[in-house]
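Visitor: This structure is in structure tokens; I'll ask about it shortly.
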Amino acid sequence: QVQLVESGGGLVQPGGSLRLSCAASGSIFSGYSMTWYRQAPEKPREFVARITSAGTMTNYADSVKGRFTVSRDNANKMLYLQMNNLQPDDTAIYYCKSSKLDFWGQGTQVTVSS
């Protein structure tokens, strides 16, 4: 069964931090790069960060570079996104995705507001 379950979102003040998690079924996690995307209200879904299957390479959208860090725990099939210095423009639903197939979870809402 294919599964992607994002969690860790919430309401945070500007400058705050959150850590998102993504639990994936083994069949779409092990051996595949994983990517975080986000979708703000009335905007298209956009790339945030990607990590290779072994976790040895990462890349980020310019808008989050230096503030967000993507990581993975291959033993437990978990993907993470550490988000620091959050800003109102980071408000969105955040999704994780495997490079194996075009499947989306339900996402987790991040709201940055004072």
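Visitor: Kindly state which strands (runs of 3 or more DSSP E) lie completely within region 7-50 and contain at least 3 residues that are out of contact with any helix residue (DSSP H, G or I) (no Cβ under 8 Å at 6 or more places or on another chain) and open to solvent by less than 40 Å² (accessible area, probe 1.4 Å).
Guide: Qualifying strands (runs of 3 or more DSSP E): 18-24, 34-39.
Visitor: May I ask you to list pairs of residues, at least six apart or on different chains, whose Cβ atoms are under 7 Å apart, with the first in region 1-18 being farther than 20 Å from THR111 by Cβ and free of Cβ contacts under 8 Å to residues at least 40 places away in the same chain and the second being of a type in the set (S, T, N, Q) and part of a loop (DSSP other than H, G, I, E, B)?
Guide: Listed by first residue and then by second, the contacts come to GLN1/SER25.
Visitor: Evaluate the following for ARG67: is it in contact with a Gly (Cβ under 7 Å, 6 or more places away or on another chain), of a type outside the set (A, V, I, L, M, F, W, C), at pLDDT 95 or above and open to solvent by 20 Å² or more (accessible area, probe 1.4 Å)?
Guide: no
The values are calculated or read from the model by the stated rules, or taken from the named source; none is laboratory data. Please read these numbers as outputs of a predicted model, since none were measured by experiment. Every residue, glycine among them, receives a Cβ derived from its backbone with ideal geometry; neighbour counts consider all protein chains shown. When the accessible area is computed, the model is the full protein with side chains, heavy atoms only, and any ligands, DNA or RNA have been set aside. Shrake-Rupley method; radii C 1.70, N 1.55, O 1.52, S 1.80 Å.
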